[in-house]
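*Asks:* Handing you a structure now.
The values are calculated or read from the model by the stated rules, or taken from the named source; none is laboratory data. Since we're looking at a predicted model, the values are computed, not measured. Neighbour counts run over all protein chains shown; Cβ positions are idealised from the backbone, glycine included. Just the protein is used for accessible areas: all its heavy atoms, side chains included, with ligands, DNA and RNA removed. Shrake-Rupley method; radii C 1.70, N 1.55, O 1.52, S 1.80 Å.
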Amino acid sequence: MFKNENGTIIDHERVIFPLIFHNVPKEDFRCIGTAFFVNTLGWFITAKHVLYNNQDEVLKTTFGIQTLSDGRQVARPVKQLSIHPFADIALGILSDDAYDGHARPVMHELAPTFELSLSMLSVQDEICSFNFPNSKKTYEKHLVHFNFKGLWTTGKVESYLLGYWLWLVSI
């Protein structure tokens, strides 16, 4: 359960969203990771490693899949990234452009956000993550459709580097 800055409960699948990569030469899409909104205008945080290919190059044509309040999903291009040089974290911004499942321009909504805790973590603190490992991709003529299936995982902090945490707090 997530709450926004006003204390209202919000759907985690509207705050946490899949990132997809469009391989233009192969005309193919694939789900590459998960991100979450940190403000209503489309700013998000993700893990740095999901943004790179096997040649250590940043994936250029990535999209965030935003779930709207009525359940529809729209693809919004990633328009800007700020990638930490050492820590596995990146800050990005989704474009104001949005497309439906038929690649037609559509309107998007302001993104729901949840309030992040900036409390220091301790070893053995409980943590959780939400990702889309069971997503299915189907093809219909020249269109690619995704069925995103989210999954919660839990664990405990084993260790962390204080300097990287302080970088995150300063963004």
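*Asks:* Among the residues of the stretch 55-81, how many are open to solvent by 60 Å² or more (accessible area, probe 1.4 Å) and more than 14 Å from the chain's Cα centre (by Cα)?
*Replies:* Qualifying residue count for the region: 7.
*Asks:* Residue by residue through the stretch 106-149, note down the ones that are of a type in the set (S, T, N, Q) and touching a Pro at 6+ places or on another chain (Cβ under 7 Å).
*Replies:* Of everything in the stretch 106-149, just one residue is of a type in the set (S, T, N, Q) and touching a Pro at 6+ places or on another chain (Cβ under 7 Å), namely SER135.
*Asks:* For the stretch 105-126, give me the residue count where each residue is modelled with pLDDT of 80 or more and either open to solvent by less than 70 Å² (accessible area, probe 1.4 Å) or assigned to a strand (DSSP E or B) (or both).
*Replies:* Of the residues in the stretch 105-126, 10 are modelled with pLDDT of 80 or more and either open to solvent by less than 70 Å² (accessible area, probe 1.4 Å) or assigned to a strand (DSSP E or B) (or both).
*Asks:* How many residues, within the stretch 151-171, are surrounded by 11 or more Cβ atoms within 10 Å (Cβ to Cβ) and either touching a helix residue (DSSP H, G or I) at 6+ places or on another chain (Cβ under 6 Å) or at pLDDT below 80 (or both)?
*Replies:* Residues flagged as surrounded by 11 or more Cβ atoms within 10 Å (Cβ to Cβ) and either touching a helix residue (DSSP H, G or I) at 6+ places or on another chain (Cβ under 6 Å) or at pLDDT below 80 (or both) within the stretch 151-171 amount to 6.
*Asks:* Can you tell me which residue is nearest to ARG14 (Cα to Cα) among those in the stretch 45-81 that are outside any loop (DSSP other than H, G, I, E, B) and free of Cβ contacts under 8 Å to residues at least 24 places away in the same chain?
*Replies:* Applying the filter and picking the extreme gives PRO77.
*Asks:* Within the stretch 89-104, is there a residue that is assigned to a strand (DSSP E or B), at pLDDT 80 or above, open to solvent by 50 Å² or more (accessible area, probe 1.4 Å) and in contact with a Pro (Cβ under 8 Å, 6 or more places away or on another chain)?
*Replies:* Yes; the residues of the stretch 89-104 include at least one that is assigned to a strand (DSSP E or B), at pLDDT 80 or above, open to solvent by 50 Å² or more (accessible area, probe 1.4 Å) and in contact with a Pro (Cβ under 8 Å, 6 or more places away or on another chain).
*Asks:* Could you check, for the stretch 4-27, whether at least one of its residues is closer than 19 Å to PHE114 by Cα, buried (at least 18 other Cβ atoms within 10 Å of the Cβ) and polar (S, T, N, Q)?
*Replies:* No, the conditions are met nowhere in the stretch 4-27.
*Asks:* Would you confirm whether any residue within the stretch 28-42 is surrounded by 12 or more Cβ atoms within 10 Å (Cβ to Cβ) and free of Cβ contacts under 8 Å to residues at least 60 places away in the same chain?
*Replies:* yes
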